[in-house]
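The values are calculated or read from the model by the stated rules, or taken from the named source; none is laboratory data. The shown structure was predicted, so the numbers you read here are calculated from the model rather than taken from an experiment. Cβ placement follows ideal geometry from the backbone for every residue including glycine, while neighbour counts extend to all protein chains displayed.
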Amino acid sequence: MKLILSLVAVAALILIAPAFAINMRGFQDAPITRLTGDELKAFRAAVMKILDEAPDGTTVEWKAAKTRFVSKITPRKSYREGNTPCREATIESDAHDRYQRGLYQFCKEPNGEWQFKLAPPRAKK
């Protein structure tokens, strides 16, 4: 069981950021860790489709097939970084016993996949 949860957590991290650039502690109790492997793939596909197609300000709800999990994805702003299309989106997820809401930045890779964009490091004072 721990192996399955670990695999789901790792898959969740792949969804939202390159493995080398994320602090895993912040996601160990995230609602997305409740999803099965197939549900995680479906959720990722839904997020990609929403980022591709939903107009800014439109909220799209996604529910897992078997797991008690619902997520509301709202693209907030579309912009470009150079020639790269990017989007800012709010993702609010509830797995009954776990809740998370955040504002995330995504940029589209040349292969057509949206990737989580890490915020630039803050300047030290």
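Would you tally the residues in the stretch 62-90 being surrounded by fewer than 19 Cβ atoms within 10 Å (Cβ to Cβ) and closer than 15 Å to G102 by Cα?
The qualifying residues number 7.
Return the pairs, sorted by first residue and then second, in which the second residue is at pLDDT 90 or above and assigned to a loop (DSSP other than H, G, I, E, B), the first residue lies in the stretch 96-121 and is more than 19 Å from R76 (Cβ to Cβ), the beta carbons are less than 7 Å apart, and the residues are 6+ apart or on different chains.
From residues that are more than 19 Å from R76 (Cβ to Cβ), the pairs are H96/R68.
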